[in-house]
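What follows is calculated from the coordinates using simple rules that are stated; it is not laboratory data. Being a predicted model, the structure only gives us computed values, none of them experimental. In this analysis, Cβ positions are derived from the backbone assuming ideal geometry, glycine residues included, and neighbour counts consider all displayed protein chains.
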Amino acid sequence: MSDARPGTEPDTGGEPVEARPPFDTLGGEGSVRSLVDRFYDLMDLELRFAGLRALHPTDLSGSRDKLFWFLCGWLGGPNHYIERFGHPRLRARHLPFAIGSAERDQWMACMVQAMQEEGIEAAMADRLQAAFQGTADWMRNRPD
């Protein structure tokens, strides 16, 4: 479940989703970079994301790059992250950070807002939100 990519799930009619990867549907690297940048900009700007922001370093440039590289491959585009670091091992890489339901929910709210502000088409945003939700929930590593 944690490695499920948004373009691999069946739609509600039981037919396979479009063959075109979400990476291409979104507009490629430029669009993914814009989404990631808006996500981190919101994290810096919105007080409601302060708990999430506190888990990150002061300089977000490395975090921005890593999420961008990861999402490119996860969405069906180039595997920039794997080429640099190997398998993402998301849960293991996030174990040093206390992630509970509040942090998960802030991450999701921040990403949903970023997708809305970036104008991602509603059906695609719904697919991505469902895929992100499963992974975000799996990342929790502390009891609430």
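Compare MET111, MET124, MET43 in a GNM of the chain, Cα atoms joined below 10 Å, and give the one with the largest fluctuation.
Ranking MET111, MET124, MET43 by mean-square fluctuation puts MET124 first.
Calculate, in nm to one decimal, what ALA125 and ARG91 gain on full extension: separation in residues at 0.36 nm each, minus their alpha carbon distance. Kindly include the intermediate steps, with their values, before the conclusion.
Numbers: separation 34, 0.36 × 34 = 12.24 nm, distance 2.35 nm.
Once the chain is fully extended between ALA125 and ARG91, it gains 9.9 nm.
Need one word for segment 76-124: rounded, prolate or oblate. Basis is the Cα gyration tensor (sqrt eigenvalues a ≥ b ≥ c); a/c below 1.5 gives rounded, then a/b vs b/c decides.
Numbers: a/c = 3.31, a/b = 1.17, b/c = 2.83.
It comes out oblate by the Cα gyration axes.
I need ILE120, ILE99 ordered by Cβ neighbour count within 10 Å, fewest first.
Listing ILE120, ILE99 from fewest to most nearby Cβ atoms yields ILE99, ILE120.
If you line up the long axis of helix 101-117 against the longest principal axis of the chain, both from Cα atoms, how many degrees apart are they, to the nearest 10?
For 101-117 against the chain, the angle is about 50 degrees.
Between SER61 and ALA19, take the C-beta separation as r, use R0 = 25 Å, and let me know the FRET efficiency to the nearest 0.05.
Rounded to the nearest 0.05, the efficiency is 0.10.
How high is the relative contact order of the chain, in percent, counting Cα pairs under 8 Å that sit 6 or more residues apart?
Contact order relative to length: 31 percent.
From the helices alone, meaning DSSP H stretches of at least four residues, give me the mean residue ellipticity at 222 nm for the chain, per-run term -39500 (n - 2.57), in deg cm²/dmol to the nearest 500.
On the way: 8 runs with 86 residues, N = 144.
Value at 222 nm, helices only: -18000 deg cm²/dmol.
Find out how many positive minus negative residues lie around LEU45, taking Lys and Arg as positive, Asp and Glu as negative, among other residues whose Cβ is under 13 Å from that of LEU45.
That works out to -2.
Would you kindly state the longest site-free stretch of the chain, with sites defined as GluC sites (Glu not before Pro) in a DSSP loop (not H, G, I, E, B) surrounded by at most 15 other Cβ atoms within 10 Å?
The reported range is 47-120.
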